[in-house]
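Reading through the structure tokens given below for one structure.
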Amino acid sequence: MRDQPELRNVPIAIGGASDRRGVISTCNYPARKFGVRSAMASGQALKLCPDLKLLPGNMEKYRNASQQVMEILKLYALEFEQVSVDEAYLEIPATSNAQIIAKQIRQQVEAEVGITVSVGMAPNKFLAKVASDWEKPNGQFGILPSEVEGFVEALEVRKIPGVGPKSAEKLNNLGLHTCKHIKELPLDWLIKKFGKFGKVLHDRSRGIDQRGLSAHYKRKSISIERTFAEDIFQGQEIEQALMDVWPKFLTRVENAGLALSDLAPFVKVKFADFHVTTLANHQKKASLENYLYLMKEASVRDQQAIRLIGLGGRLIESDKQHPQLPLFVSH
């Protein structure tokens, strides 16, 4: 859909040919309206949607897009865990505005990668995962700590990650349709009926999830870039461009729970021929004055027009502790 806009509103599925026992790996929302879904036989999908356009997969393209998205997410994360090619968890400071950060992530991914993502915000991984599916596609949804009990009690059991169609059917046959129904049952009964998963059901029905992020990614830097509609030139245009980007950089630093004094400055310049140069000063702390100096020095390294500038900072205190709030991102 990204690479062939003419197919944007056409039912599309990625999968093997129907005459070779092919299976659907994924499909777009126009196709889902006909009942097409992942893991369905391609032949069955074509019966449900005769106009379905069946396309082969391209893992290299998916991996490249995934890497681009994950690099963007790391710009906002104090800690980061990638769980699949298209899903990740982020820890952000509890003092920051999660809704604003989610919007920034969605806008940046769409602008730079050309795809959309959905974001869920919540106090733990279970709820963030559920919330990320709440406003798909291309949406965001947050669950505040004060809203957890009411939200979880009304949650259908099939929404609990790990509850598949068969498990949901078994729970429904026992009269368990929502988390509130599970919550009313004792732990020992759930374990007797469902084994180890009974403890998971017990906890999730109460909105409990003690899992931390398993990958110990720590933020090392923060940055922002601007690509110009038309190339600019050195001198006053560079200074004006930096001044235009500066307030947005400050906002990003603040949303990450950081201060300029936490950062050693660096800049990036991309010239008209796509040649890139960077310049850093690890001996000084980030300030407007230092960024102006670095940007002017970097911009004269090549006598060309400039198509992009970037401001960034590397954390001086990489082990600084921050209160955190998870986000879950899916695309």
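The values are calculated or read from the model by the stated rules, or taken from the named source; none is laboratory data. A quick note: this is a predicted structure, and the numbers were derived from the prediction, not measured. Please note: Cβ atoms are built from the backbone with ideal geometry, for glycine as well, and neighbour counts cover all protein chains shown.
Would you say Glu239 is surrounded by 11 or more Cβ atoms within 10 Å (Cβ to Cβ) and in the same structural domain as Thr278 (by TED's automatic domain parsing)? Considered against the rule, which asks whether it is surrounded by 11 or more Cβ atoms within 10 Å (Cβ to Cβ) and in the same structural domain as Thr278 (by TED's automatic domain parsing), Glu239 comes out as yes.
Which strands (runs of 3 or more DSSP E) does region 56-161 wholly contain that include 2 or more residues that are surrounded by fewer than 19 Cβ atoms within 10 Å (Cβ to Cβ)?
Result: 79-84.
Out of Ala128, Ala122, Ala154, Ala168, one residue alone is among the aliphatic types (A, V, I, L, M) and touching a Pro at 6+ places or on another chain (Cβ under 6 Å). It is Ala128. Would you be able to say whether some residue in region 206-225 is more than 30 Å from the chain's Cα centre (by Cα) and exposed (fewer than 14 other Cβ atoms within 10 Å of the Cβ)? No: region 206-225 contains no residue that is more than 30 Å from the chain's Cα centre (by Cα) and exposed (fewer than 14 other Cβ atoms within 10 Å of the Cβ). For Ser221, the criteria (1) under 25 Å from Leu75 (Cα atoms); (2) modelled with pLDDT of 85 or more hold in every case but one, which is (2).
Going through region 1-13 one residue at a time, which ones are hydrophobic (A, V, I, L, M, F, W, C) and surrounded by fewer than 17 Cβ atoms within 10 Å (Cβ to Cβ)? Passing the criteria: Met1, Leu7, Val10. The residues of region 27-44 that are under 19 Å from Glu6 (Cβ atoms), part of a helix (DSSP H, G or I) and touching a strand residue (DSSP E or B) at 6+ places or on another chain (Cβ under 8 Å), listed by number, are Pro30, Ala31.
Restricting region 13-30 to residues that are hydrophobic (A, V, I, L, M, F, W, C) and in contact with a Leu (Cβ under 6 Å, 6 or more places away or on another chain), which is modelled with the lowest pLDDT? The extreme case among them is Ile14. Could you tell me whether region 34-45 includes any residue that is among the charged types (D, E, K, R), surrounded by fewer than 13 Cβ atoms within 10 Å (Cβ to Cβ) and modelled with pLDDT under 95? No: zero hits. Report yes if Leu171 is of a type in the set (A, V, I, L, M), crowded, with 17+ Cβ neighbours inside 10 Å and farther than 19 Å from Lys125 by Cβ, otherwise no. Spelling it out, Leu171 is indeed of a type in the set (A, V, I, L, M), crowded, with 17+ Cβ neighbours inside 10 Å and farther than 19 Å from Lys125 by Cβ.
Among residues of region 226-236 being surrounded by fewer than 16 Cβ atoms within 10 Å (Cβ to Cβ) and not acidic (Asp, Glu), the one that is nearest to Glu91 (Cα to Cα) is Arg226.
Regarding Ile182, is this residue farther than 22 Å from Lys125 by Cα, surrounded by 15 or more Cβ atoms within 10 Å (Cβ to Cβ) and modelled with pLDDT of 85 or more? So Ile182 does not fit the description; no.
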